[in-house]
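This report concerns only the one structure given below.
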Amino acid sequence: MGDKILKIENFYAGYGHTWVLRNINLEIPEKKLTAIMGPSGCGKSTLIRCINRIHELNPEAIYRGHIYLNGKDIYKMHPTIVRRKIGMVFQKPNPFPTMSVYENVIAGYILNGIKLKKEEKDKIVEDALKKAFLWNEVKDVLHRKGTFLSGGQQQRLCIARALAMKPEILLLDEPTSALDPKATSRIEELIVELKKTITIVMVTHNIAQAVRVSDYTAFIYLGELVEFGPTEKVFAAPERKETEEYLVGKFG
């Protein structure tokens, strides 16, 4: 299974007085794609928001337990550092509307006040856009607003923005649920390529998508981790009744 880049131990998270996730223990293998699946409202998005410490930006947020990135407790690191090492792409493409394509890619540097020479910026922008399979489509319009792009291109721009910070892990929260089938298959091709060089954790509702792109699958039900293992095994021979019922569509 290779090295475990991320280790989640006895982890609970929720809002106000309610735990949404309970006692999650999970080890995420490096340079693989782990899909996080489960019915709506089971805590999938909450889990990945905890992994890069966006969860705690909600004033109601509560959490306890540990998450380790390469053996270091992320709750003992500065949140900005955590978010730089663990990039996040959301369900709806969200390029910064006032920024050009170029500025969107280096937004992380701008927002963190990291000064770069022009040639450094140019290189980061080109590299990130190439990695996001977007360079050829936008190289002549880098200084136009990111919002003129199609939905699928905007989502790849958001992926480029996350990759520009050279994160160790990329979190994707249902990255194709707002996209048409063609744009979806472009993103799937892209993430299959990306997982060779970066660890990806992806929340998806789409069982067929998880089968196509993921190496491992974690199944969460009612806030608990019910099953985790190689995707083929989880889908072909689930150990738990809940997983099986979910896979045959008894609850969605």
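Quick notes
- For the stretch 32-114, alpha-carbon Rg over 2.2 N^0.38 Å: 1.24
- Taking each residue as 0.36 nm, the span from Phe148 to Asn25 lengthens on full extension beyond its C-alpha to C-alpha distance by 40.1 nm.
- Reducing the stretch 62-126 and the stretch 140-180 to their Cα centroids gives an inter-centroid distance of 13 Å.
- Between Gly146, Gly14, Gly113, the Gaussian network model of the chain with springs among Cα atoms under 10 angstrom shows the greatest mean-square fluctuation at Gly113.
- Semi-axes of the equivalent ellipsoid for the chain, Cα gyration tensor, largest first, Å: 30, 21, 16
- Note on the chain: with charges restricted to the Cβ of Lys and Arg (+1) and Asp and Glu (-1), its dipole about the Cα centre is near 740 debye.
- Summing charges over neighbours of Val82, with a neighbour being any other residue whose Cβ is under 13 Å away from its Cβ, gives +4 when K and R count +1 and D and E count -1.
- As an equivalent ellipsoid, the stretch 143-252 spans semi-axes of 29, 15, 12 angstrom, where each value is the square root of five times an eigenvalue of the C-alpha gyration tensor, largest first.
- From the Kirkwood radius over Cα pairs of the stretch 66-206, Stokes-Einstein at 10 °C and 1.306 mPa s returns a whole-number translational diffusion coefficient of 103 µm²/s.
- Relative contact order, whole percent, for the chain stands at 27, derived from Cα pairs under 8 Å and 6 or more residues apart.
- Entry note, the stretch 74-217: relative contact order of 33 percent, from Cα contacts under 8 Å with a spacing of 6+ residues.
- With all protein chains in place and a 1.4 Å probe, the accessible surface of the chain carries 51 percent carbon and sulfur.
- Normalising by residue count, the stretch 140-185 has a Cα convex hull of 95 Å³ per residue.
- Amide H partners (placed H, <5 Å) of Met202, local residues excluded: Thr34, Ala35, Ile36, Leu172
- Fluctuation leader among Ala178, Ala162, Ala210 - the chain, Gaussian network, Cα springs under 10 angstrom: Ala178
- Hydrodynamic radius of the stretch 75-154 by the Kirkwood approach over all distinct alpha-carbon pairs: 13.6 Å.
- The candidates His66, His143, His55, His78, arranged from most to least accessible area with a 1.4 Å probe in the full protein assembly, appear as His143, His78, His66, His55.
- Pairs beyond 28 Å (Cα-Cα), from Lys44/Lys195; Lys85/Lys241; Lys4/Lys139; Lys85/Lys115; Lys118/Lys145: Lys85/Lys241; Lys4/Lys139
- For the chain, the solvent-accessible area with a 1.4 angstrom probe is 48 square angstrom per residue.
The values are calculated or read from the model by the stated rules, or taken from the named source; none is laboratory data. Values in this document were obtained by computation on a predicted structure and should not be read as measured data. Heads up, the Cβs are rebuilt from the backbone with ideal geometry, glycines too, and the neighbour counts pull from every protein chain shown. SASA here: full protein model, heavy atoms, side chains in, ligands and nucleic acids out. Shrake-Rupley method; radii C 1.70, N 1.55, O 1.52, S 1.80 Å.
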